[in-house]
Amino acid sequence: MDRLRGHRLRILSIALTLILMGGFVKTAGYIMFSSKAVLVDAITCIATALGGFVVLIATRASLKPPDLDHPYGHERVAYGGPLGVLVIYALSAGFSAAMLGAPEPYNVDWRASITALIGTSLYMLAIVVARLDPIGGSILAVFTFSEVIEGLVSAGASYAGATLSYVIDYLGGLVILAYLLLSLVRETRKVVDELSDIVEKGLMENVRRVLEERRFKVKSLRVRRVIPGKYHGDATVEAPCDMPLEVANILVDEITDMLARNNIDLTVHIDKMRLKECNQRSQPATS
């Protein structure tokens, strides 16, 4: 667990450092070269950096061992990262819209496009690193990829704004803002889906097959995803009448151990009433 903890935190720390560097470069580009497109790009860069801190904090909390309040562990606390990122990006979208305001004539320096490209290169490296973490890093990588798209748009728009018309630069800012809003809607749906305890297609069927292969009849089966790759659940099964209870218990232990090795924590209950009925039927009738 300590090795996993250290690995995930190192991944997020490296990605966050790259994001901060990219955000600094783009912010400096707006301050020095007055591009509205780079301005919106810089705002979302700052949002990404803040979101990265939230993801890092949530990931640290999720790696704590189980305790009295969290007997199954703290893994789902990691979803505080994606939720925090969504809130921060929603605020940045509103702030970007306010900063754009009504279009008024302004001068753009073509060097703004250079800062946008340098910052975008750093963000591309951050994506490669962030995708190594399946929860917080995953959504961080999505929005960092958005920064790459936005960086390319701001680079092109700022250059065109400097050489042709400031209107192109301003429209570039609007395009970035629209893309940010679309990403928010898409990722919000994704996070809701992640938190709805959905399981991958075929997983329930595989668990049911494992139980039925040991001659158990499955009366009920519930499995939920805790985090990607880890599941909890419970099942109630009937053992055949010719299977002694001791054998049924041994088989259940084998099943749960095998599933646990595949990160499925399944509690299996044997229907004792069914075994009692079987025993009553097997007893000779008394005159």
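The values are calculated or read from the model by the stated rules, or taken from the named source; none is laboratory data. Being a predicted model, the structure only gives us computed values, none of them experimental. Reconstructed Cβ throughout: ideal geometry from the backbone, glycine too, with neighbour counts over all protein chains shown.
When Val199 is tested against (1) in contact with a Lys or Arg (Cβ under 6 Å, 6 or more places away or on another chain); (2) under 29 Å from Ala116 (Cα atoms), only condition (2) is not met. One residue stands out in the stretch 171-202 among those that are part of a loop (DSSP other than H, G, I, E, B) and either on the phi > 0 side of the Ramachandran plot or not hydrophobic (A, V, I, L, M, F, W, C) (or both): the one that is modelled with the lowest pLDDT, namely Asp197. I want to confirm something. Restricting to the stretch 52-76 and keeping residues that are in contact with a His (Cβ under 8 Å, 6 or more places away or on another chain) and in a helix (DSSP H, G or I), which single residue is surrounded by the most Cβ atoms within 10 Å (Cβ to Cβ)? This residue is Ser62.
Count of the stretch 32-51 residues, restricted to those that are free of Cβ contacts under 8 Å to residues at least 40 places away in the same chain and surrounded by fewer than 24 Cβ atoms within 10 Å (Cβ to Cβ), is 2. The set of residues from the stretch 208-266 being of a type in the set (Ser, Thr, Tyr) and surrounded by 14 or more Cβ atoms within 10 Å (Cβ to Cβ) comprises Tyr231, Thr236, Thr256. Per the listing Ile198, Ile168, Ile176, the residue uniquely more than 30 Å from Glu246 (Cα to Cα), touching a strand residue (DSSP E or B) at 6+ places or on another chain (Cβ under 8 Å) and not charged (D, E, K, R) is Ile198.
Among the residues making up the stretch 172-193, those that are in contact (Cβ under 8 Å) with a residue 12 or more places away in the chain and within 20 Å of the chain's Cα centre (by Cα) are Tyr179, Leu180, Leu181, Ser183, Leu184, Glu187, Thr188, Lys190, Val191. For the stretch 150-192, a tally of residues being among the basic types (Lys, Arg) and closer than 17 Å to Tyr30 by Cα returns 0.
From the list Ile135, Ile88, Ile118, which one is modelled with pLDDT under 90 and either more than 26 Å from Lys64 (Cα to Cα) or not acidic (Asp, Glu) (or both)? Outline the logic, then answer.
Numbers: Ile88 fails: modelled with pLDDT under 90; Ile118 fails: modelled with pLDDT under 90.
Exactly one of Ile135, Ile88, Ile118 is modelled with pLDDT under 90 and either more than 26 Å from Lys64 (Cα to Cα) or not acidic (Asp, Glu) (or both), namely Ile135.
Kindly indicate whether any position in the stretch 7-15 is within 18 Å of Phe95 (Cβ to Cβ), assigned by TED's automatic domain parsing to the domain that holds Leu117 and either free of Cβ contacts under 8 Å to residues at least 24 places away in the same chain or among the small types (Gly, Ala, Ser) (or both). No, that holds for no residue.
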